[in-house]
Amino acid sequence: MSGKPQSAEAHRAAEAVPDEVRSRAHAEPFVLFCGFSGATLDAFLAQTRKQKLRLPLKAALTETNAGWTLRELYDAIRAEHETMTGEVL
């Protein structure tokens, strides 16, 4: 929290969050790449590996996933990661 007072609208939105989402307070960060060229994305990912930054949940915006909600995309990427690595996040 920033310490700033929360607007009434923000407070109502926070109260509307389903319990299953609240229970994921410690979920892994998720990175969604939008507008990167293939070469730029490859260079960025190479640098993250070089710097030993851990970004297990990442996706690029595609025609296929453009209509998905962020929750749907997150859940699909998390399930894919768990299937491929055996690591449960």
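Every number in this text was worked out from the coordinates using simple rules, so none of it is lab data. Keep in mind the model is a prediction, meaning the values are calculated, not measured. Don't worry about glycine lacking a Cβ; one is built from the backbone with ideal geometry, like all the others, and counts go over all protein chains shown.
General observations
- Among the GluC sites (Glu not before Pro) in region 29-89, those located in a DSSP loop and surrounded by at most 14 other Cβ atoms within 10 Å of their own Cβ are GLU63, GLU87.
- The residues neighbouring ALA76, those whose beta-carbon lies less than 13 Å from its own, together hold a net charge of -1 under the Lys/Arg +1, Asp/Glu -1 convention.
- Net lengthening on full extension, PHE33/ALA60 (0.36 nm per residue, minus Cα-Cα): 9.3 nm
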